[in-house]
Ligand SMILES: [Zn+2]
């Protein structure tokens, strides 16, 4: 697993929705972070190249996993396949 804290100190910045202009892949859940989504950029101080973008819930929840058991809207919207 990709644990940024394995590299020592990390610099965690919150990116506002308007700052998120690209799609990122969250290393925690392996899902996309779509543009326009507020999320965290996690940058190891020693290895800035290894910057990762995390969902807010993923980063917040990685330590307290199982503690609160809080479900942050797990609404899934699937587009059904096209019919021709
Ligand atoms: Zn995630």
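For this structure, a couple of remarks:
- The stretch 4-60: relative contact order as a whole-number percent, Cα under 8 Å and 6+ apart: 38
- The length gained on full extension between residue 13 and residue 30, counted as 0.36 nm times the residue separation minus their Cα-Cα distance, comes to 4.2 nm.
- Peptides 18-30, 50-62 ranked from most to least packed, by the mean per-residue count of other Cβ atoms within 10 Å: 50-62, 18-30.
Bear in mind that the values in this text are calculations on the coordinates, not laboratory data. Since this is a predicted model, take the numbers as computed values, not measurements. We place every Cβ from the backbone using ideal geometry, glycine too, and count neighbours over all the protein chains shown.
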